[in-house]
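One structure is given here, and the rest of the page talks about it.
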Amino acid sequence: MKKLLKNNRGFTLVEMMIVLLIISVLILISIPNVTKHSASIDEKSCKAFMKMVEGQVAAYKIENKKIPTLVELEDEGYLPEKDTTCPNGATVTIDAVTGEVKSG
């Protein structure tokens, strides 16, 4: 029974350092990919938000026969939130002449 206890070995310091090095390299590779995808997600969500506002502008024009402002869309319940900014921070505007939705 004493022989079994003598043969048990733990990890050496060198083995632990190699494992930590591999984990560090994997983290360094993955962080830039995550941040790149985050910017892409914000851009796509801004485009989707603008499309939703365009649809609400069209609905408002059909019902009221005029191009709305953002305040009118908010006040009459066409926009679910009072915030008219995209997730990436860009402000959404409506052209008063053409009714085109823009971000900037």
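The values are calculated or read from the model by the stated rules, or taken from the named source; none is laboratory data. Predicted model, so just to flag it, every value in this text is computed and none were measured. With ideal geometry, Cβ positions are generated from the backbone for all residues, glycine too; neighbour counts draw on all protein chains shown.
Restricting to segment 31-87, name every residue that is β-branched (Val, Ile, Thr), closer than 16 Å to residue 98 by Cα and surrounded by 10 or more Cβ atoms within 10 Å (Cβ to Cβ).
Matches in segment 31-87: 53, 57, 67, 69.
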Is it true that some residue in segment 73-87 is touching a helix residue (DSSP H, G or I) at 6+ places or on another chain (Cβ under 7 Å) and charged (D, E, K, R)? yes
What are the residue pairs meeting all of these: first residue in segment 86-101, first residue hydrophobic (A, V, I, L, M, F, W, C), second residue modelled with pLDDT under 85, Cβ atoms under 8 Å, and 6 or more apart or on different chains? 86/42; 86/103; 90/103; 90/104; 92/84; 92/85; 92/86; 92/103
Restricting segment 46-104 to residues that are in a loop (DSSP other than H, G, I, E, B), among the basic types (Lys, Arg) and modelled with pLDDT of 85 or more, the one farthest from residue 36 (Cα to Cα) turns out to be 65
